[in-house]
């Protein structure tokens, strides 16, 4: 969990609780099968995570990247 997730509202692309019917009971022995709609939802969730990850990485690189003066010629004496 990223610290910003505690303060910012999560995107609705992660999970739809009204569609969640994944409660398993002790006697459920068969493997569950994914429908095409569930696979599509998983793909959308993965795409959303990838977008958020690239945004986070660009922020981190900008924050911790080398300063322009240090990259151009080194420290000034």
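Of all the residues in segment 42-67, those that are at pLDDT below 90 and surrounded by 10 or more Cβ atoms within 10 Å (Cβ to Cβ) number 1. Does any residue of segment 27-37 turn out to be more than 14 Å from the chain's Cα centre (by Cα), at pLDDT 90 or above, loosely packed, with under 10 Cβ neighbours inside 10 Å and outside any loop (DSSP other than H, G, I, E, B)? Yes, that holds for at least one residue.
Considering segment 68-77, the residues that are in a helix (DSSP H, G or I) and loosely packed, with under 10 Cβ neighbours inside 10 Å include one that is modelled with the highest pLDDT, namely 68.
The values are calculated or read from the model by the stated rules, or taken from the named source; none is laboratory data. Small disclaimer: the values here were computed from a predicted structure and weren't measured. Heads up, the Cβs are rebuilt from the backbone with ideal geometry, glycines too, and the neighbour counts pull from every protein chain shown.
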